[in-house]
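Student: Dumping the structure here so I can ask a few things about it.
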Amino acid sequence: FYDAPLPLLSTTFSNITRSDAPIASTDFAAQFGEVVAETFNDTQLSLLRTQVSAAHAKGIKVRYWDQPGWPIGTRNAVWRTLLDEGVDLLNVDDLRGAAGFWENKG
């Protein structure tokens, strides 16, 4: 099992397949910086789509860690965007918040 570096799947580690790494992940904050007004800007959304597409083309699942946890509205908006854009695994620290997110359908 190898957790591939998501930002490098189409460059440095272009030879990695799902046989090598069933999951690729990266630090959310390092990739996207701050999410303002509960919305990804065009640059952030484009990067997200590019990274998800690169991983999925190889059959690799996508995970981002270190997403914003506060304010709650921003956290939930980030979770919703990640899921809507095809991110496969939602990495959370607030398990109760994540359970409530699902119960309320985010």
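Student: Sticking with the crude label model, points 7 Å out along Cα→Cβ, report the distance from D42 to N104 in nm, one decimal please.
Tutor: Those two pseudo-labels are separated by 3.2 nm.
Student: Within the stretch 5-106, list the GluC sites (Glu not before Pro) lying in a DSSP loop whose Cβ has at most 10 other Cβ atoms in a 10 Å radius.
Tutor: Qualifying residues, ordered by number: E34.
Student: Can you give me the % of accessible surface on the chain that is carbon or sulfur? Probe 1.4 Å, all protein chains present, nothing else counted.
Tutor: Answer for the chain: carbon and sulfur cover 52 percent of the accessible area.
Student: Right, next: May I ask for the longest run of the chain untouched by chymotrypsin sites (Phe, Trp or Tyr not before Pro) that are loop-located per DSSP and have at most 15 neighbouring C-beta atoms (other than their own) within 10 Å?
Tutor: Answer from the scan: 3-106.
Student: Moving on to the next point. I'd like to know which of W70, Q44, L90 lies farthest towards the positive end of the charge dipole of the chain, counting +1 on Cβ of Lys and Arg and -1 on Cβ of Asp and Glu.
Tutor: Farthest along the dipole direction, towards plus: L90.
Student: Accessible area per residue, 1.4 Å probe, Å², for the chain: what's the number?
Tutor: Result: 58 Å² of accessible area for each residue.
Student: Same structure again: Which length gain, in nm to one decimal place, applies between T17 and N91 when the Cα-Cα distance is subtracted from 0.36 nm times their residue separation?
Tutor: 24.5 nm
Student: How large is log10 of I(q)/I(0) for the chain at q = 0.20 Å⁻¹ when the intensity is taken from the Debye formula with one equal scatterer per alpha-carbon?
Tutor: -1.01
Student: Kindly express, to the nearest 10 degrees and within the range 0 to 90, the angle between helix 72-84's C-alpha long axis and the longest C-alpha principal axis of the chain.
Tutor: So the helix axis and the longest Cα principal axis differ by about 40 degrees.
Student: Right, here's the next one. Can you compute the helix-only [θ] at 222 nm over the chain? Use -39500 (n - 2.57) per DSSP H run of at least 4 residues, normalise by all residues, nearest 500 deg cm²/dmol.
Tutor: For the chain, the value works out to -12000 deg cm²/dmol.
The values are calculated or read from the model by the stated rules, or taken from the named source; none is laboratory data. As the structure is a computational prediction, the values presented were derived from the model and not from experiment. For neighbour counting, all protein chains shown are included, and Cβ atoms are generated from backbone atoms with ideal geometry for every residue, glycine included. To get the accessible areas, we keep the full protein, side chains included, count just its heavy atoms, and leave off ligands, DNA and RNA. Shrake-Rupley method; radii C 1.70, N 1.55, O 1.52, S 1.80 Å.
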